[in-house]
1. Can you report the number of residues in region 201-224 which are at pLDDT 90 or above, out of contact with any helix residue (DSSP H, G or I) (no Cβ under 7 Å at 6 or more places or on another chain) and open to solvent by 50 Å² or more (accessible area, probe 1.4 Å)?
2. State yes or no: is S100 small (G, A, S) and under 17 Å from F263 (Cα atoms)?
3. So P192 ticks every box in (1) assigned to a loop (DSSP other than H, G, I, E, B); (2) open to solvent by 20 Å² or more (accessible area, probe 1.4 Å) but one. Which box is left unticked?
4. Hey, which of the strands (runs of 3 or more DSSP E) in region 225-297, taking only ones fully inside, have at least 3 residues that are loosely packed, with under 14 Cβ neighbours inside 10 Å?
5. Give the residues of region 70-87 that are outside any strand (DSSP E or B) and either surrounded by 13 or more Cβ atoms within 10 Å (Cβ to Cβ) or at positive phi (or both), sorted by residue number.
6. What single numbered condition from (1) closer than 17 Å to V295 by Cβ; (2) in contact with a Pro (Cβ under 8 Å, 6 or more places away or on another chain); (3) assigned to a strand (DSSP E or B) fails to hold for E183?
7. Given the criteria within 30 Å of L285 (Cβ to Cβ), aromatic (F, W, Y), surrounded by fewer than 21 Cβ atoms within 10 Å (Cβ to Cβ) and out of contact with any Leu (no Cβ under 7 Å at 6 or more places or on another chain), does F90 qualify?
8. Residues in region 149-168 that are open to solvent by 70 Å² or more (accessible area, probe 1.4 Å) and either acidic (D, E) or not in a loop (DSSP other than H, G, I, E, B) (or both): how many?
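The values are calculated or read from the model by the stated rules, or taken from the named source; none is laboratory data. Worth saying up front: this structure is predicted, and the values here are computed from it rather than measured. Here the Cβ is made from the backbone with ideal geometry for all residues, glycine too, and neighbour counts use every protein chain on show. Side chains included, ligands, DNA and RNA excluded: accessible areas come from the protein's heavy atoms. Shrake-Rupley method; radii C 1.70, N 1.55, O 1.52, S 1.80 Å.
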Amino acid sequence: MFKKAIIGILAFGFMAISCNNDDDAGVPTSNLELNLSGLENLGSDFLYEGWVIVDGSPVSTGTFSVNDEGVLSSTTFNVNAATLTAATSFVLSIEPNPDSDPDPAPTKLLKADFGTSNTATVTIDPVGDFSNAEGEFFLRTPTDEAMGTENNMNDQYGVWFGNPGTPPTASLILPALTGWKYEGWVVTDNGPISTGTFIAFDAQDDNAGADSGFSETASLGPQLPGEDFFRNAPEGVTFPLDVRNKTVVISVEPYPDNSPAPFALKPLVATAGMDTAPTSYRFGLNSASFPTGSVTR
């Protein structure tokens, strides 16, 4: 009888320990695996954050950073198993660090739809559909011309995104952006130089204005994004800048921007020739700049 009592006590104790272990384990979790390339270092003020979409609502899967070599600080994330099973898609956003908002920022970069599979390929659909992206640019310096006067014969110092004419017209075919802005660049031996950020293709960019310090202040200029490289030269660069034979780029930038350098997304790239307006140059689609990879649950 005494032995049976001891055995009963031990058995009860074992059951109690087992129940505590189950409680400590908490809700069952599963791993979410990221296999991504082409992401860039966001610096210390921003982080990438993953989200799974369940019944139309985002659930965070955790944050991570990326170093200068494009290596993720973490590629495996523990997520509630039921949540992960019910998820229809994965979204990657760029978030401020620290972040006081529990919801995803408007700056959403990647998406992967699971469908009936546990592995899904990422796309940049949250940014936009760039499959038909195109446009033209021309070399001219309208900001140093008084209204109604002749060309000053120095058009190699300016680049404008559109078709030359009287007046010039917009030519860019790009998706509308939410949480992002476009930015023009001319690549020099000293690195890329910005022409300004913009969201409209038939209006002046953010460099325009009386206090900007850029060349658009010299006159109204065309109702297009672009720049005459006369004023506000960055350190190490001498203006006026000859744009001929230089690479011209339109990038997609986070807003607010994490860096003065171009972001990884550079959908349109071309090389300027030797002829100024009325000659124009056509951009080519640079989809190789888009991040790639997959997500596995």
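1. 3
2. So S100 does not fit the description; no.
3. Checking P192 against (1) assigned to a loop (DSSP other than H, G, I, E, B); (2) open to solvent by 20 Å² or more (accessible area, probe 1.4 Å), the one that fails is (1).
4. Working: elements: 226-228, 247-254, 268-271, 280-282, 292-296.
Per the criteria, no element qualifies.
5. Within region 70-87, G70, T75, A81, A82, T83, L84, T85, A86, A87 meet the criteria.
6. (1)
7. Details: within 30 Å of L285 (Cβ to Cβ): yes; aromatic (F, W, Y): yes; surrounded by fewer than 21 Cβ atoms within 10 Å (Cβ to Cβ): no; out of contact with any Leu (no Cβ under 7 Å at 6 or more places or on another chain): yes.
Criteria not met by F90.
8. Looking only at that region, the number is 1.
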